[in-house]
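Below is one structure, written out as structure tokens, with a few remarks after it.
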Amino acid sequence: MKSLRQLYKVGVGPSSSHTMGPAKAARLFADKHHDCRQFKAVLYGSLALTGKGHGTDRALRKVLGNCEVVFDCDSPCVHPNTLELFAYKDGKQVDKMQVFSVGGGEIVIAGESPVEHEDVYPLSTFKQIADFCRQNDLRLWQYAERCEGNDIRDYLKQMWRVMVKDIEDGLQAEGVLEGGLNVQRRAKKLLLTDRKESMQTRENRLVAAYAFAVSEQNAGGAEVVTAPTCGSCGVIPSVFRYYQLTFGWDDEKIVNGLLTAGIIGNLVKTNASISGAECGCQAEIGTACAMASAGLAEMCGMSLEQIEYAAEVSLEHHLGLTCDPVNGLVQIPCIERNAVAAMRAINAMRLATFLADSRKITLDTAILTMYETGKDIGEGYRETAKSGLAKLYRG
Ligand code: SF4
């Protein structure tokens with residue numbers, strides 16, 4: 001498995017596959033053709049169908065400047081997120097590059113072997129890692145640190161600072177999100193209430209407020225951390241921040257949580273997928289929920305078995321979750337969904353305190369099942385905005 005630096009990345013929202021990936025491809029292409037002033041991009045599959053809502057054209061033009069962007073919604077494509085970039089000099093095409101945006105901001109260039117980041121983790125299933133940790137008396141975060149090296153802690157502190165900034169900025173922001181759906185920002189409304197409420201209601205409200213804050217920042221095109229993607233970037237920060245503020249946890253403890261969560265995200269990325277276009281929302285929000293729940297279980301001092309159960313329950317009960325963003329915008333159902341997944345992550349962790357010893361399904365099985373299920377989900381429900389809410393929503 002690759003470094004957590006490839007999983008947690010700072011990028012501009014709202015979508016790692018639709019904005020970060022294409023922007024990365026455009027930067028490579030622009031560097032190769034710095035003497036060209038005219039470019040064209042043709043988007044296929046999910047990139048064509050939801051690229052407008054996700055702001056793919058804006059992300060490309062930001063890098064390439066004068067770039068015609070064509071949304072080809074009809075032609076078949078090899079990968080659900082395919083784009084072709086063309087460079088022109090004196091009106092003549094001088095180069096063409098076909099790129100696949102494979103999720104989490106990563107790209108693969110057709111005809112080139114994928115840029116292989118070094119494998120820093122020799123083990124790639126939860127069972128292998130858990131056995132190794134038991135034999136060597138390690139916690140999961142210690143195993144991650146041993147594989148990554150100590151400087152990963154500083155990197156993750158940087159990521160945490162961006163996450164916290166998104167919560168703080170998002171809680172201040174007001175108004176309507178761009179895109180035409182007239183979606184109001186609601187994080188501040190959730191934060192500020194003078195209603196009488198139970199402790200449990202207060203917890204849910206605050207966790208949801210933080211998740212809305214980050215997801216609304218993402219929808220507004222702010223800098224966010226992929227956790228594991230932009231669309232699902234609100235789950236981990238909201239859960240971790242609520243606990244940090246409630247129990248006074250320091251950032252070192254949060255880093256332990258991010259390391260543990262990162263192992264779970266890496267396992268899904270390696271053995272299945274974290275891309276909504278490939279496997280539906282279960283791959284994004286389901287993974288984020290499993291990561292948050294496992295990280296929280298770690299920070300609460302729970303056992304390996306309980307951490308596995310928390311992650312497994314979180315992923316298992318997102319199986320089949322489709323991706324059907326209305327108008328292709330990362331707003332409905334995405335923003336609310338981050339909040340729901342955050343609350344679910346906490347509940348899964350709590351269930352794990354009681355039931356981990358009765359677990360029948362392993363995390364590895366849940367990950368493989370998610371991938372199989374994702375391949376069976378119809379194309380209309382894999383970030384194409386053709387079916388589900390995207391089709392039936394009437395405003
Ligand atoms: S529905 Fe889920 S996978 Fe699809 S764009 Fe929204 S958050 Fe991402």
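The values are calculated or read from the model by the stated rules, or taken from the named source; none is laboratory data. In this text the structure is predicted, and so the values were computed from the model without any measurement. Glycine also receives a Cβ, built like all others from the backbone with ideal geometry; neighbour counts cover every protein chain displayed.
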Quiz item: Mind checking which residues of region 277-289 are assigned to a helix (DSSP H, G or I) and modelled with pLDDT of 95 or more?
Solution: CYS279, CYS281, GLN282, ALA283, GLU284, ILE285, GLY286, THR287, ALA288, CYS289
Quiz item: Hey, among THR125, THR82, which residue is out of contact with any Phe, Trp or Tyr (no Cβ under 8 Å at 6 or more places or on another chain) and hydroxyl-bearing (Ser, Thr, Tyr)?
Solution: THR125
Quiz item: Here is a list of conditions, (1) modelled with pLDDT of 95 or more; (2) more than 29 Å from ASN204 (Cβ to Cβ), and ILE346 meets all of them except one; can you say which number that is?
Solution: (2)
Practice problem: Could you tell me whether ALA292 is closer than 30 Å to THR56 by Cα and not in a loop (DSSP other than H, G, I, E, B)? | Solution: yes
Self-check item: Flag for MET302 being assigned to a loop (DSSP other than H, G, I, E, B), at negative phi and modelled with pLDDT of 95 or more
Solution: yes
Exercise. Taking ARG146 as meeting all but one of (1) crowded, with 18+ Cβ neighbours inside 10 Å; (2) in the same structural domain as LEU259 (by TED's automatic domain parsing); (3) of a type in the set (D, E, K, R), write down the number of the exception.
Key: (1)
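Okay, residues lined up against (1) in contact (Cβ under 8 Å) with a residue 40 or more places away in the chain; (2) in a helix (DSSP H, G or I); (3) within 15 Å of the ligand (Cβ to nearest atom):
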| residue | (1), (2), (3) |
| --- | --- |
| GLN331 | yes, no, yes |
| MET370 | yes, yes, yes |
| LYS375 | yes, yes, no |
| LYS386 | yes, no, yes |
Quiz item: Quick one: which of LEU304, LEU319 is under 27 Å from GLY53 (Cα atoms) and hydrophobic (A, V, I, L, M, F, W, C)?
Solution: LEU319
Quiz item: So which residues in region 27-54 are closer than 20 Å to GLY103 by Cβ, away from the ligand (no atom under 14 Å from the Cβ) and out of contact with any strand residue (DSSP E or B) (no Cβ under 7 Å at 6 or more places or on another chain)?
Solution: ARG27, LEU28
Practice problem: May I ask you to list the residues in region 333-343 that are surrounded by 24 or more Cβ atoms within 10 Å (Cβ to Cβ) and away from the ligand (no atom under 11 Å from the Cβ)? | Solution: ALA339, ALA342
Quiz item: Restricting attention to region 347-358, does a residue exist that is within 16 Å of the ligand (Cβ to nearest atom) and buried (at least 24 other Cβ atoms within 10 Å of the Cβ)?
Solution: no
Quiz item: part of a loop (DSSP other than H, G, I, E, B), assigned by TED's automatic domain parsing to the domain that holds MET302, touching a Pro at 6+ places or on another chain (Cβ under 9 Å) and within 16 Å of the ligand (Cβ to nearest atom): does that describe ALA227?
Solution: yes
Practice problem: Looking at (1) assigned to a loop (DSSP other than H, G, I, E, B); (2) crowded, with 17+ Cβ neighbours inside 10 Å; (3) more than 13 Å from the ligand (Cβ to nearest atom), find the lone condition where ILE361 falls short. | Solution: (2)
Self-check item: Inter-residue pairs, beta-carbon under 9 Å, first free of Cβ contacts under 8 Å to residues at least 24 places away in the same chain and under 14 Å from LYS269 (Cα atoms) and in region 280-298, second within 11 Å of the ligand (Cβ to nearest atom) and part of a helix (DSSP H, G or I), 6+ apart
Solution: none
Quiz prompt | Residues located in region 303-329, provided they are free of Cβ contacts under 8 Å to residues at least 60 places away in the same chain, surrounded by fewer than 21 Cβ atoms within 10 Å (Cβ to Cβ) and away from the ligand (no atom under 15 Å from the Cβ) | solution = SER303, GLU305, GLU316, HIS317
Quiz item: Just checking, which of ILE367, ILE346 is over 30 Å from LYS188 (Cα atoms) and of a type in the set (Val, Ile, Thr)?
Solution: ILE367
Quiz item: Taking interchain pairs and intrachain pairs at least six residues apart, which have beta carbon atoms under 7 angstrom, with the first residue in region 195-218 and within 18 Å of PHE240 (Cβ to Cβ) and the second polar (S, T, N, Q) and crowded, with 23+ Cβ neighbours inside 10 Å?
Solution: VAL207/SER238; TYR210/SER238; ALA211/SER238; ALA211/ASN338; VAL214/SER238; SER215/ASN338
Quiz item: Right, VAL183: closer than 23 Å to HIS18 by Cα, within 16 Å of the ligand (Cβ to nearest atom) and not small (Gly, Ala, Ser) or not?
Solution: yes
Exercise. Go through region 99-114 and count every residue that is surrounded by fewer than 22 Cβ atoms within 10 Å (Cβ to Cβ), free of Cβ contacts under 8 Å to residues at least 60 places away in the same chain and not in a loop (DSSP other than H, G, I, E, B).
Key: 1
